[in-house]
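The structure under discussion appears below in the form of structure tokens.
Every number in this text was worked out from the coordinates using simple rules, so none of it is lab data. Just so it is clear, the model here is predicted, and its values are computed rather than measured. A quick note on method: Cβ atoms are made from the backbone with ideal geometry, for glycine too, and the neighbour counts reach across all protein chains shown.
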Amino acid sequence: MDGKPLFQLNRDARAYLHSLGGRVPVMMIDDLFEDPAAIRESALRMSYHPPAYPYPGKIAELNASEPSLETFLRTVLSMVNGEYLPRIPPISDNGRQITRFARVMADFAITDVHPDELEPVQRAPHVDPVPIFGLVYLNRVDRGGTLFFYRTTAGQGADEPVGYHTETRGEYALAGKIEGQFNRLAVYPGFVPHSGEIVGDWIRGEERFTEPRLTLRLVFFP
């Protein structure tokens, strides 16, 4: 790495807003980091553990004292407050409208649970416990993006089939998709039902361990 900061941002990266299916406002930044391959390599050397909630994989906490990480998080927080929040419909937290976020936390996450081994809660689209969430996709090999859904009355009460939820079925209709482009940051409303686009043979074989789906997750707090 020749001493280059690990989380060095690409100075030419620019944010843009996209609406998925006319329903879900997403801020995206492509070509985010100068050296995303180095970040992936470093991340895969870290120690991972299952979280306390039903995530279909494992996570690793980042070293908050890393200077380039602190710079990256400050920059993203500023962009969300300055370029995302003012351009989307008002959002609230515990009944209070959010006009800015005060902090952001980050970790790495690997998805590696075999579709046949998912718990029932992991098979359905979910919502996040925070109003705004962010992901950086760190996979050169296609490992899918993020799918968004809206709830319908059709199929209510039906059992969730075995496997990851990746299409319209039951009471969830597909609203749109973020492509999991390598080195892309996507910031989106966590309260819209969504699911990882986990498809293909890789999640059923050894590739889910040898070439895993890796994301850098960002959680924003008022």
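For Rg/Rh (Cα atoms, Kirkwood Rh), the candidate list reads [x] 0.95; [y] 1.03; [z] 1.00; the entry that matches the value derived from this model is [x]. Computed over neighbours whose Cβ is under 9 Å from that of Val136, the net charge equals +2, Lys and Arg +1, Asp and Glu -1.
Sum -39500 (n - 2.57) across every DSSP H segment of at least 4 residues in the chain, then divide by the residue count to get the 222 nm mean residue ellipticity, nearest 500. Each step should come with its number before you reach the end.
Numbers: 3 runs with 26 residues, N = 222.
My calculation for the chain gives -3500 deg cm²/dmol from helical runs alone.
The GNM of the chain, with springs linking C-alpha atoms under 10 angstrom apart, assigns the highest mean-square fluctuation among Pro90, Pro189, Pro36 to Pro90.
Here the Gaussian network model covers the chain, with springs between Cα atoms less than 10 Å apart; of Val24, Val136, Val121, Val121 fluctuates the most. Model label points for Glu119 and Glu211, set 7 angstrom from Cα along the Cα-to-Cβ axis, are 3.1 nm apart.
About the Cα centre of the chain, what is the dipole size in debye to 20, counting +1 per Lys and Arg Cβ and -1 per Asp and Glu Cβ, all else neutral?
So the magnitude is around 740 debye.
Separation of the range 116-136 and the range 69-105, taken as the distance between their Cα centroids, equals 21 angstrom.
Within the range 1-95, list the chymotrypsin sites (Phe, Trp or Tyr not before Pro) lying in a DSSP loop whose Cβ has at most 12 other Cβ atoms in a 10 Å radius. Please report the intermediate quantities before stating the final value.
Details: sites: Phe7, Tyr16, Phe33, Tyr48, Phe72, Tyr84; in loops: Phe7, Tyr48.
Within the range 1-95, no chymotrypsin sites (Phe, Trp or Tyr not before Pro) qualify (loop, at most 12 other Cβ atoms within 10 Å).
Between Gly170, Gly95, Gly190, the Gaussian network model of the chain with springs among Cα atoms under 10 angstrom shows the greatest mean-square fluctuation at Gly95.
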